[in-house]
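Written below as structure tokens is the structure these notes are about.
The values are calculated or read from the model by the stated rules, or taken from the named source; none is laboratory data. Keep in mind that this is a model prediction, so the values were computed, not measured. Methodologically, a virtual Cβ is constructed for each residue, glycine included, from the backbone with ideal geometry; neighbour enumeration extends over all protein chains shown. Accessible surface is based on the protein model in full, side chains and every heavy atom, while ligands, DNA and RNA are left aside. Shrake-Rupley method; radii C 1.70, N 1.55, O 1.52, S 1.80 Å.
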Amino acid sequence: MIAVPGFLLSLLVAMVLSGSGLAAGVKAKAEVSCAATAKSLEYDCAIKLSDQRSGAALTGVDVTVGADMPSMPMAHNVKPVKAVPDSAAGTYRARILLEMHGDWAVKVDLAGPVRDRIVKSMRFEPKP
Amino acid sequence: MEAMLEIADVVTAYGKIEALKGVSLSAAKGRITCLLGPNGAGKTTLMMSIAGALKPRQGSIRLEGSELVGLSPARIVGNGVALVPENRLVFPQMSVRENLLAGAYQRNDSGEVTADIERMYARFPRLKERREQLAGTLSGGEQQMLAVARALMSRPRLLLMDEPSLGLAPIVVKEIFGIIAELNREGVTIFLVEQNAHLALQVAHHFYLMEQGRVTFSGNPGELAEDEVIKRAYLGTRRSAG
Amino acid sequence: MIPFIQTTLDGLMVGSSYGLLALGFALIFGVMRRLNLSYGPSIMIGAYLGTLLYIKFGPPTYVVAIVAVAGSVMAGIYVERLCFAPLGVGAGVASMVSSFAIWMQLEQASLLMLPRHSYPFPSLTGGELWSLGPFVVRPDYLIMLAAMLAMSAALTLLLYRTRFGLGLRAIVENSLAASLSGIDVERTMLKAFALASAIGGVAGFLVLSANQQVTAMLGMWATLKGLIAMMIGGLGSIPGAIVGGLALGVIEAHSQNLFGPQVRDLAAYAVLFVLLVLRPGGILGTTAVRRGMGQRGGDRWTTT
Amino acid sequence: MDDHLIGIVSNIGVISFVALSAYLLLLTGEISFGQQAFFAIGAYTSGIVTAMWQLPFALGLGAGAATGAAAALLVGLPTLRLHGLQFAIATLAFAEAVRILFELFRYQIVRDGELVGPNGIEGFRNIRYIFENDVSATEFMLIIYGLLGATLFGLFLLERSRLGTAFRMIGEDDLLAATQGVAVVPVKLTAACLAGTIAGLGGGLYAHLTTYVEPAIFDVMLGVHSLAYGLIGGLGTAFGPLLGVVIDIGLLESTRWFAGYRMIVFGGLVAVLLIVRPRGLLDEQLVHRIRRAVRRRPRPSPANDTVLGKELS
């Protein structure tokens, strides 16, 4: 009841804050594939970034890769690592260290010329 | 007079609040000792401390010389102390017979237990009539008798009774006190907490008055005028500070 | 008609595993009026120990079974000592949350032992099928059904014919009066907990050997299925656990048959919800809301 | 603050909404395993409003909170007479049913040549409002904490109001509350709706923070966690659940060096904490003492203390 005025007030603030932005240009598309390394729970991920509309490779982007477990939205998250550009245009590599095996949501965050986030669901298992 | 129970300087507290502030008293073997006092004096706390359901912070409680403080309630029952708790805590969804069996939980002589159950039925014929009935369906007086019988099933040396008259019709109360006197004649030592000072003084050999966590008077019936005892048992001498 | 009966049969057979799980749950809840969320993960610890042994050394199946049950009992005792014994009456929520914290612990310990999503588990019968006229039954599940009936009969005898059972029932009714009658409440509760974990361990072993595999979902699965079956049947009641388990199995089998696997779980939850609203005490429970919850000296399951 | 830290702090803020939602019901004496359902409903609704219908963010949040409240009312009505475990399991059944319904829920439209919208078990991707409108991570964190602050403020006012007193009275003993003239049914429904609103609002923020939701996020684990927060942090004030979230996520972050053993360490710590403080760190007594110290009132006389204590005889 009493929460209502305060709530409305902050909604207003939120509206002003968020309404100021302009529609951004590029929507990114990512392909991610990860392979187990020799070290347990460490995976080497190859990321290929392109423009969703034009299909052109996205180069010169700051790429960070993180991950969390959807079934435990706050418990298991991996400290994001910076990805380094690979040889081909728009490709990047990053090594992530997971906490356990299972289903993870891999988050690719883009900053710099393109700001976006792409989320991929992947299952990580130890080598048999 | 040989003491069955000796309590010395017992302090029991709930958190920071001391309900017993150093209680000392004793109950003579083969006698009925009665503890009187107003509501909130700490009487039930004392009973629970003796039975081991509450742990005293300091002091000693000795049964014929052996220390009870620190033992679990089950061990204390094993040592020969049985408490008939306030409000007759029977097991409502269990039959009368099972309630009695629960009272003999620690005994390993099953033949004797069966015989004791028959003895209880002889002493309390109404329990016999209702032996397969669930205890929760008994009347208040019957539940009180069941609680007494259950306590006796452990063959206690010392029987503790906490407010046996509470919430019962006067005629039932009289019956209960008759049983108390009878048990005592058969040699059971009884330590009784009671609000009904008039009745208590009729059966007790010795009594204590307790107020606000302390024993304030000790004497035999007759030493203090009954109306004075009753006044102090209900109201206390020091009116609780408001 | 024949498919309908076959589906019902399938449901009854799967339901007997739920019934077994509910039996252990009901024992703990019935005695302590507390919810042990770590029940499934305790079973998981046992099952994973058994699996680890099986993968490493391939011992005879009965050894795996013994290890699985013993592991569950050990984990159960650990949970009781840490989450239930130190927290007194009236801390129902705290011990539940505490058992949830230990759930996390046990699950991670299991996954440290065996990190893959699934592993093979020894079968008792080789997964063969028997034909009974037009119907097909799996002997694995017949064993489970037999185990459920045998265990519930044994448990009933234990509760109503032994001194341990008498003490346990007295504690359920009123733990203060029980301790004043000379019943060692703490020990009795610990024994009940160990017993419940043993039943859970047997259930876990039988389910896994019927499936011939163990997956990381075991802990959550066992807790949820056992809890739901217990709630459907009636709180803390032995016949209720069985009826609830079988009913849950049949409901699931039919809804899966009609609508597919996702709807199977949806139907189970929908039935549970409607049943709780209409008959809060479960099929065999009392309809009165408060009864069955707080019989112990009038304390409610939660005191918040 | 680096982006990772901002992410964690934002996460703490968002999860606090579910924790507060569960806490509000705990005040009325009921345990809900199902507040994550309203969180989910809020998340999906607000995502649909902004990402699919392309309406303003504030409208999305409002819609999330409103659907959360409506759903809470819908569940509240039939479950009102349930208590304790029955209520807890009924809410669990509801929440799991909602989660499965989201697994079956498909509603997608084409935007920019791509399908957008909830896609069953795959979840709902590309709730990209903050990227499309260039809201920075810091700005979004401020929005989260602005709303959280407002909610907390509202809850504090509520706890001092008559309604808040009615909540606690019902929590202690609803029969007694009824005899004191508290209209139990409407008060409980109000509590349920407020809890649903808070969870729905949090869900909306969550969806926009992570940009994607999937049904698996909203399973029992989240529900029990949010309940646990109140108990770890303490049930004395609305700060308790917040403290619980901070401890949980903070502890998880700091136990990172335990890598594979993190949950073992964390689970054990929580269990031990609950042995020492069964009603949480900031329990009623501590809060009471802090309030008294802050007000610098003279200590009540010992006679009053005796009244507070549980004397048996």
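Values for this structure:
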| quantity | calculated |
| --- | --- |
| Residues satisfying the stated conditions in the range D:37-72, i.e. more than 10 Å from every other protein chain (Cβ to nearest Cβ) and not small (Gly, Ala, Ser) | D:PHE38, D:ILE41, D:TYR44, D:THR45, D:ILE48, D:VAL49, D:MET52, D:TRP53, D:LEU55, D:THR67 |
| Selection count, the range C:258-276, where residues are in contact (Cβ under 8 Å) with a residue 12 or more places away in the chain, small (Gly, Ala, Ser) and either under 14 Å from C:LEU224 (Cβ atoms) or not in a helix (DSSP H, G or I) (or both) | 1 |
| Criterion: in contact with a Lys or Arg (Cβ under 8 Å, 6 or more places away or on another chain) and modelled with pLDDT of 90 or more - qualifying residue of C:PHE164, C:PHE100, C:PHE121 | C:PHE164 |
| From D:ILE31, D:ILE48, residue being in contact (Cβ under 8 Å) with a residue 12 or more places away in the chain, over 20 Å from the mean Cα position of the chain (by Cα) and under 27 Å from D:ALA93 (Cα atoms) | D:ILE48 |
| Identity of the residue in the range B:162-196, within 20 Å of B:VAL23 (Cα to Cα) and at pLDDT below 90, that ends up surrounded by the fewest Cβ atoms within 10 Å (Cβ to Cβ) | B:GLN195 |
| Unique match (being under 11 Å from C:VAL214 (Cβ atoms), surrounded by 23 or more Cβ atoms within 10 Å (Cβ to Cβ) and of a type in the set (A, V, I, L, M, F, W, C)) among C:VAL64, C:VAL69 | C:VAL64 |
| Pairs where the first residue, in the range D:53-72, is open to solvent by less than 50 Å² (accessible area, probe 1.4 Å) and the second is of a type in the set (Phe, Trp, Tyr), C-beta under 7 Å, 6+ apart | D:PHE57/D:TYR129; D:GLY68/D:PHE38; D:ALA71/D:PHE38; D:ALA72/D:PHE38 |
| Residue that is under 12 Å from A:TRP104 (Cβ atoms), under 16 Å from the mean Cα position of the chain (by Cα) and within 12 Å of another protein chain (Cβ to nearest Cβ), where the choices are A:ASP51, A:ASP68 | A:ASP68 |
| Qualifying residue in the range B:166-174 (condition: out of contact with any Ser or Thr (no Cβ under 8 Å at 6 or more places or on another chain), outside any helix (DSSP H, G or I) and without any contact (Cβ under 8 Å) to a residue 40 or more places away in the chain) | yes |
| Matching residues, the range A:116-128, being open to solvent by 40 Å² or more (accessible area, probe 1.4 Å), at the interface with chain D (Cβ under 10 Å from one of its Cβ atoms) and more than 13 Å from A:SER50 (Cα to Cα) | A:LYS120, A:SER121 |
| Breaking point among (1) over 28 Å from A:TRP104 (Cα atoms); (2) at the interface with chain A (Cβ under 8 Å from one of its Cβ atoms); (3) free of Cβ contacts under 8 Å to residues at least 12 places away in the same chain, for D:MET221 | (1) |
| Search result, residues across the range D:20-36 that are within 11 Å of another protein chain (Cβ to nearest Cβ) and closer than 19 Å to D:HIS208 by Cβ | D:LEU20, D:GLN36 |
| Unmet criterion (only one of (1) under 19 Å from B:MET47 (Cα atoms); (2) among the β-branched types (Val, Ile, Thr); (3) within 14 Å of chain C (Cβ to nearest Cβ)) for B:ILE117 | (1) |
| Selection count where residues are under 13 Å from C:THR8 (Cα atoms) and charged (D, E, K, R), scope the range C:242-283 | 1 |
| Residue pairs meeting the criteria (Cβ under 7 Å; at least 6 apart or on separate chains; first away from chain C (no Cβ under 12 Å) and free of Cβ contacts under 8 Å to residues at least 40 places away in the same chain, in the range A:95-115; second polar (S, T, N, Q) and open to solvent by 60 Å² or more (accessible area, probe 1.4 Å)) | A:ALA105/A:SER121 |
| Which listed residue, of C:ALA146, C:ALA150, C:ALA154, is open to solvent by 40 Å² or more (accessible area, probe 1.4 Å), more than 27 Å from C:GLN6 (Cα to Cα) and away from every other protein chain (no Cβ under 14 Å) | C:ALA154 |
| Subset of the range C:7-44 [of a type in the set (Ser, Thr, Tyr) and surrounded by fewer than 24 Cβ atoms within 10 Å (Cβ to Cβ)] | C:THR7, C:THR8 |
| For D:ILE89: the one exception among (1) modelled with pLDDT under 95; (2) of a type in the set (Val, Ile, Thr); (3) farther than 23 Å from C:LEU224 by Cα | (3) |
| 1 or more residues β-branched (Val, Ile, Thr), open to solvent by less than 40 Å² (accessible area, probe 1.4 Å) and farther than 29 Å from B:PHE177 by Cβ: qualifying strands (runs of 3 or more DSSP E) within the range B:1-89 | B:3-14 |
| Selection from the range C:179-201 of residues that are facing another protein chain (nearest Cβ under 7 Å), open to solvent by less than 20 Å² (accessible area, probe 1.4 Å) and either among the hydrophobic types (A, V, I, L, M, F, W, C) or not in a helix (DSSP H, G or I) (or both) | C:LEU180, C:SER181, C:GLY182, C:ILE183 |
| The range C:45-61: number of residues that are in a helix (DSSP H, G or I), open to solvent by 10 Å² or more (accessible area, probe 1.4 Å) and more than 28 Å from D:LEU269 (Cβ to Cβ) | 6 |
| Residues of the range D:64-96 classified as closer than 15 Å to D:LEU189 by Cβ and among the aromatic types (Phe, Trp, Tyr), total | 1 |
| The range D:267-293 residues that are more than 8 Å from every other protein chain (Cβ to nearest Cβ) and under 27 Å from C:GLN108 (Cβ atoms), paired with ones that are in a helix (DSSP H, G or I) and modelled with pLDDT of 85 or more (beta carbon under 6 Å, 6 or more apart) | D:GLY280/D:LEU231; D:GLY280/D:ILE232; D:GLY280/D:GLY233; D:GLY280/D:GLY240; D:LEU281/D:GLY233 |
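Results for (1) within 22 Å of the chain's Cα centre (by Cα); (2) farther than 25 Å from D:HIS4 by Cα, shown as yes or no for each residue.
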| residue | (1), (2) |
| --- | --- |
| D:GLU103 | no, yes |
| D:ASP134 | no, no |
| D:ILE144 | yes, no |
| D:SER161 | yes, yes |
| D:THR179 | no, yes |
| D:GLY202 | yes, no |
